[in-house]
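> Have a look at this one.
The values are calculated or read from the model by the stated rules, or taken from the named source; none is laboratory data. Because the structure is predicted, anything quoted here is derived from the model rather than measured. So basically every Cβ, Gly included, is an ideal-geometry build from the backbone, and we count neighbours across all protein chains shown. Heads up: the accessible areas ignore ligands, DNA and RNA and are worked out on the full protein's heavy atoms, side chains in. Shrake-Rupley method; radii C 1.70, N 1.55, O 1.52, S 1.80 Å.
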Amino acid sequence: MRRQEINYGELVVLGTDGELPGGNKGRRRSRYTLRRRPKPNGVTPTGQQTFDLSCTSPQLINQSQLRNHTVTYTLNRQTQVVVKYEHDETKDLFQIGRSTDPPIDMVLIDIQPGASAKAGSRTVLPEQSTISRFSCRIVCDREPPYVARIYAAGFDSKNRIFLGEKAPKWDMNGTMDGLTTNGVLIHHIDDQNLTWRELSVGGSVFSLRETRSDQKRGEFCPEFDNVLRDGTLIDLCGVTLLWRSEKSVLNMPKDQDIDNALDRLNSIRVQCPVGLSTLKFSGHKTNDQRQPYCYMKCGHVQGPCDWGQKLDQKKQLVKECPLCRQESQKVVALVQGKEAAFHIDSEEPGFTFNPCGHIVSLATAKYWSQHKLPKGTQEFISRCPFCAIPVDPARPYVKLICQNLEPSRDDSVSG
Amino acid sequence: MALPRRIIKETQKLQSEPVSGITATPDESNARYFKIVVVGPQDSPYENGNFNLELFLPEEYPMAPPKVRFMTKIYHPNIDKLGRICLDILKDKWSPALQIRTVLLSIQALLSAPNPDDPLANDVAQLWKQNEAQAIRTAKEWTAQYAA
């Protein structure tokens, strides 16, 4: 009899809409399901040893650890502390990073804002990635309730994690711990302050460093742990991941629900007040007359229209809405965000993120407008989850105002 | 050139759901040219009058407004003796979200509420302001004479 398949949860890359820029290939995907492995591959720290390099040859150290996973902390040229990890039957290990080496389960690339919207075009990858090759690891309990914990740094092909002289590191109650260069940040949705914190190699939680790669660590936060909960966000400096627990994966909107919500919006037959034709909302931008556009200032939805372009008082190019004459700096093509993991519910997509034009339900718009994601190394801003384009802080989303097929008897337009 | 979808739709709707007091008939040989009859609104000096207008949709329509002109002589401060109409939506306040229907409704409203402060026919506007009773009398006479 086939053993029942057990999933621990899913990781979804923010700023993607179903696939990575350049497409999903092999271990390079926008969504990765952590499944219980046929054979456990977990490891657990079992103790640490200090080596004096002046009297022990590095080769000897390597040989003594050949079979084990190790984390090496270089304190100075003479001294290394090695934490030894042993096989743990009760846990599964999953690793995430930029490297395509075999130990990495989910291979990541940097996500550029707006890259997901350019379907079909070849995406130019950034020349210099800021994502670590072995960025982080997740250890899941193989038995219920399948607790998943996340740690900074991943083991390389030789089962090693190596923290150099410059990495922040410290000894806490006889156990060495440290931070990786660009750090792994975590944001728990149930944290009332909506604050980002940093994870250490040993899985402890700290307040953020003064700068992202500062050599001094933040304050220890013993009240927070490294357990992944539904909605937890993980930032790997260049890419941000969303954790959806298995329970919520089962309950969250399915692709079909997202399609149905779109069908409901299309079923009211939204009319373009200029072309007098029915507009069609979809998951991708089209170049025909049925493509809906939103005037971001007022929220009026219309088809493509070459009218009303002018310079406002500040000499900025604006477009006047044919319906209400308000001037919008942005008139944006509306496209439904399809990645189901980013949807909070499957209500009608009657709102658009401002300014990217991804349409979502009110709950989804509110949710992502509340949560701030790291921008560069210092700032935190809200972004559209489907394309990573920052939302306008003053007006993160706009309610769509659509004209129905049957206008009211008084169809005059206010001037 | 083929007639834009929008003009076809507008024409169909004007005929299936006409505006009360207004008839609009497209010319048989030119679908962009309409013969319009506006009935003078109740309680206005134009009551009981049938006013003929012509409406033409230029090539750029709806990005540019329709051209509308009174064919029937009318005594009105915002309509001159050539039948040209002083109405903002026919000029700088035009918007492509407006339609033939909305334009005709606005013209009907202009007959109900003449606006001598924004005149086109200066002599009419002047009389309207100085001696409104006389102006209204003249408007009624013209209506009986030309629009009956």
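> Scan the range A:281-291 and give yes if some residue there is open to solvent by less than 50 Å² (accessible area, probe 1.4 Å), out of contact with any strand residue (DSSP E or B) (no Cβ under 7 Å at 6 or more places or on another chain) and over 30 Å from residue A:154 (Cα atoms), otherwise no.
Yes.
> Let me spell it out: the conditions are (1) more than 24 Å from residue A:271 (Cα to Cα); (2) open to solvent by less than 20 Å² (accessible area, probe 1.4 Å), and residue B:10 meets all of them except one. Which number is the exception?
Going through the list (1) more than 24 Å from residue A:271 (Cα to Cα); (2) open to solvent by less than 20 Å² (accessible area, probe 1.4 Å), residue B:10 breaks only (1).
> Continuing with this model, one more query. Taking the criterion of being touching a helix residue (DSSP H, G or I) at 6+ places or on another chain (Cβ under 7 Å), in a loop (DSSP other than H, G, I, E, B) and among the aliphatic types (A, V, I, L, M), would at least one residue in the range A:344-359 satisfy it?
Taking every residue of the range A:344-359 in turn, at least one turns out to be touching a helix residue (DSSP H, G or I) at 6+ places or on another chain (Cβ under 7 Å), in a loop (DSSP other than H, G, I, E, B) and among the aliphatic types (A, V, I, L, M).
> Can you confirm whether residue B:34 is exposed (fewer than 15 other Cβ atoms within 10 Å of the Cβ), more than 14 Å from every other protein chain (Cβ to nearest Cβ) and under 16 Å from residue B:90 (Cβ atoms)?
It is false that residue B:34 is exposed (fewer than 15 other Cβ atoms within 10 Å of the Cβ), more than 14 Å from every other protein chain (Cβ to nearest Cβ) and under 16 Å from residue B:90 (Cβ atoms).
> Moving on to the next point. The conditions are (1) in a loop (DSSP other than H, G, I, E, B); (2) in contact with a helix residue (DSSP H, G or I) (Cβ under 6 Å, 6 or more places away or on another chain); (3) of a type outside the set (Ser, Thr, Tyr), and residue B:120 fails exactly one of them. Which is it?
(2)
> Mind checking which residues of the range A:376-396 are of a type outside the set (A, V, I, L, M) and surrounded by fewer than 23 Cβ atoms within 10 Å (Cβ to Cβ)?
Within the range A:376-396, A:376, A:377, A:378, A:379, A:380, A:382, A:390, A:392, A:393, A:395, A:396 qualify.
> In the range A:301-317, which residue that is among the hydrophobic types (A, V, I, L, M, F, W, C) and buried (at least 21 other Cβ atoms within 10 Å of the Cβ) is farthest from the other protein chains (Cβ to nearest Cβ)?
Among residues in the range A:301-317 that are among the hydrophobic types (A, V, I, L, M, F, W, C) and buried (at least 21 other Cβ atoms within 10 Å of the Cβ), the one farthest from the other protein chains (Cβ to nearest Cβ) is A:301.
> Here is a follow-up. Please enumerate the residues belonging to the range A:20-37 that are open to solvent by 40 Å² or more (accessible area, probe 1.4 Å) and either of a type in the set (Ser, Thr, Tyr) or free of Cβ contacts under 8 Å to residues at least 12 places away in the same chain (or both).
Of everything in the range A:20-37, those that are open to solvent by 40 Å² or more (accessible area, probe 1.4 Å) and either of a type in the set (Ser, Thr, Tyr) or free of Cβ contacts under 8 Å to residues at least 12 places away in the same chain (or both) turn out to be A:24, A:25, A:32.
> Can you work out which of the residues in the range B:94-108 that are polar (S, T, N, Q) and not in a helix (DSSP H, G or I) is nearest to the other protein chains (Cβ to nearest Cβ)?
Result: B:95.
> Tell me the residue from B:78, B:131, B:122, B:52 that is in contact with a Ser or Thr (Cβ under 6 Å, 6 or more places away or on another chain) and either more than 14 Å from chain A (Cβ to nearest Cβ) or crowded, with 20+ Cβ neighbours inside 10 Å (or both), please.
B:52
> Moving on. Out of A:189, A:161, which single residue is touching a residue at least 12 places away in the same chain (Cβ under 8 Å) and not in a loop (DSSP other than H, G, I, E, B)?
Selected residue: A:161, the only one of A:189, A:161 that is touching a residue at least 12 places away in the same chain (Cβ under 8 Å) and not in a loop (DSSP other than H, G, I, E, B).
> Any idea how many residues of the range B:21-31 are crowded, with 17+ Cβ neighbours inside 10 Å and touching a residue at least 24 places away in the same chain (Cβ under 8 Å)?
2
> Okay, moving on. Taking the range A:195-239, which residues are assigned to a strand (DSSP E or B) and open to solvent by 20 Å² or more (accessible area, probe 1.4 Å)?
Passing the criteria: A:197, A:220, A:227.
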